[in-house]
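Shown next, in structure tokens, is the structure this report addresses.
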Amino acid sequence: MQEQNGHPPRISARDLFLAFTGITLASFGGALFWSRRAIVERHRWLSEHEFVEILALAQLLPGANGVNLAVLIGYRFDGVRGAFSALAGFLTLPFAVIMTLGFLHRRFGEMPIVHAALTGMSAVAVGLLIAMASRMVVVLQRRWLPWVFVTLTFVGVGVLRWPFLAVVGVLAPFAIYASWRGRT
Amino acid sequence: MSLSELAALCLYFMMLSFLAVGGAPSVLPEMHRYVVELHAYMTSAQFAQLYSLAQIAPGPNVMYVPLIGWHIAGWAGAVATLFAVVVPSFSLTLVIAQLYARHPKAAFGVAVRRGLTPITIGLIFSSAWILVPAVNHDWRGYVLTALTVLLVSRTRLGPIWVLVGGAAAGIVGFV
């Protein structure tokens with residue numbers, strides 16, 4: 001729907017700023033889940049495929065994934081201005097919030113009720129992450145090879161805790177070659 | 001902290017920003033080594049507390065960095081370290097975004113992105129695998145996490161309500 005003329009639609013810098021402010025404020029436990037929900041489901045600016053492709057690029061590039069995602073999406077819809085707007089939306093309020101929290105933390109230390117609420121929210125936030133990954137697998141072709149790469153990455157980085165760079169550095173060339181040959 | 005020390009800290013964070021493939025958490029051990037072990041700007045426990053504080057706050061998890069900068073060097077430290085980690089990767093991503101926008105259908109670009117998709121999904125599962133035992137102390141936490149996965153994938157319930165539910169579960173002492 002988005003690429004009828006080969007050009008993505010133009011979305012104003014203001015809308016990008018507001019959308020990413022909304023995403024970032026909802027982002028407890030990582031921004032990816034909320035980015036996908038806002039960009040793909042709510043605003044429908046990107047299809048599931050386009051989102052996963054951009055997300056893959058955001059994760060491949062160095063830096064915070066959420067920040068890269070904001071920059072890539074912002075640039076896609078309003079160029080350099082869009083990239084700056086999305087980034088500003090993504091960082092401004094969290095910076096204010098985290099500094100406030102830092103002050104409160106220094107002033108009041110650990111309050112039991114706050115700590116308890118945060119423990120519960122952390123458990124939920126991880127669940128959101130799993131739900132998101134489970135939803136993303138629908139973009140994989142119905143073949144076995146992509147699943148081999150999913151599994152190898154998971155076992156290497158997650159289970160064995162090998163260095164990220166080593167695992168992706170070894171797997172990526174094979175994965176790209178396989179997709180170049182039309183196998184994934 | 002002197003100005004030259006702050007400059008050194010920022011330069012170091014800028015370098016880490018280029019190495020942070022896979023996101024901010026991947027360079028966490030390296031930051032810990034620099035600010036706790038090498039320079040003793042804070043204790044390991046303080047470092048862990050600041051990191052947890054950023055995890056439960058809204059926003060990208062890179063926000064633990066300005067908190068560390070603030071702890072070490074006040075407001076100047078907070079602003080300087082945030083810029084130090086964001087600007088290098090932001091610039092690089094902007095360059096790549098331009099290439100991507102100019103050649104969205106370039107065969108090699110498509111192959112790279114499609115090829116990396118399974119790896120991306122594997123990485124998200126990996127994060128979950130590492131985080132689940134880190135945030136959950138016992139079986140009740142695991143139940144809450146599992147319940148979240150079910151609720152979010154089987155119903156149209158907004159995730160914000162699941163989070164509120166999680167907070168309530170914590171307050172009543174379930175986890």
What is the mean number of Cβ atoms from other protein chains located within 10 Å of the Cβ atom of each residue in peptide B:148-156, rounded to a whole number?
5
Net charge over other residues, Cβ less than 14 angstrom from the Cβ of A:A26 (K, R count +1; D, E count -1):
+2
Applying the gyration tensor rule to the Cα atoms of chain B (axes a ≥ b ≥ c; rounded if a/c under 1.5, else prolate if a/b exceeds b/c, else oblate), the class is oblate
Taking the Cα-to-Cβ direction at B:A7 and at A:L18 and moving 7 Å from each Cα, how far apart do the two end points lie in nm?
4.4 nm
Here Rg/Rh (Cα, Kirkwood) for the range A:137-184 equals 0.99
Which of A:D78, B:D138 is most accessible, then next, and so on - probe 1.4 Å:
B:D138, A:D78
Projected label distance in nm at A:T100 and A:L160, using a 7 Å step from Cα toward the beta-carbon
4.6 nm
For the range A:107-176 and the range B:102-171, what is the separation of their Cα centres, given in Å?
7 Å
Summing -39500 (n - 2.57) over every DSSP H run of at least 4 in chain B, dividing by its residue total and rounding to the nearest 500, the 222 nm mean residue ellipticity is -25500 deg cm²/dmol
Based solely on its DSSP helices, what 222 nm [θ] is calculated for chain A when runs of n ≥ 4 H residues each add -39,500 (n - 2.57) and the sum is averaged over all residues, nearest 500 deg cm²/dmol?
-23500 deg cm²/dmol
Take peptides A:8-19, B:113-124, B:152-163 and line them up by average Cβ neighbours within 10 Å, highest first, as a rough protection proxy.
B:113-124, A:8-19, B:152-163
Once you order the gyration tensor axes a ≥ b ≥ c over the Cα atoms, which shape class does the range A:31-167 get: rounded for a/c under 1.5, otherwise prolate or oblate by comparing a/b with b/c?
oblate
Based on the inverse mean of 1/r over its pairs of different Cα atoms, what is the Kirkwood hydrodynamic radius of the protein assembly as shown, in Å?
20.8 Å
Neighbouring partner chain Cβ atoms per residue of B:98-108, average, 10 Å criterion
3
With the contact rule set at Cα under 8 Å and sequence spacing of 6 or more, what percent relative contact order holds for chain A?
21 percent
Efficiency of FRET from Cβ geometry, B:A168 and B:A146, R₀ 25 Å, rounded to 0.05
0.90
Rounded to whole Hz, the Karplus (6.51, -1.76, 1.60) HN-Hα couplings of the range B:83-95, x for glycine and proline
4, 4, 7, 8, 4, x, 5, 4, 4, 4, 4, 5, 4
Given H placed 1.01 Å from N in the peptide plane, which residues other than close sequence neighbours of A:S27 have an amide H under 5 Å from its amide H?
B:G59
Roughly how crowded by other chains is peptide A:67-77, in terms of the mean Cβ count from those chains within 10 Å of each of its Cβ atoms?
5
Nearest-0.05 FRET efficiency for B:I130 and A:R135, computed from C-beta distance (R0 25 Å)
0.80
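The values are calculated or read from the model by the stated rules, or taken from the named source; none is laboratory data. Just so you know, these numbers come straight off a predicted model, no measurement behind them. Cβ atoms come from the backbone with ideal geometry, glycine included; neighbour counts cover every protein chain shown. When the accessible area is computed, the model is the full protein with side chains, heavy atoms only, and any ligands, DNA or RNA have been set aside. Shrake-Rupley method; radii C 1.70, N 1.55, O 1.52, S 1.80 Å.
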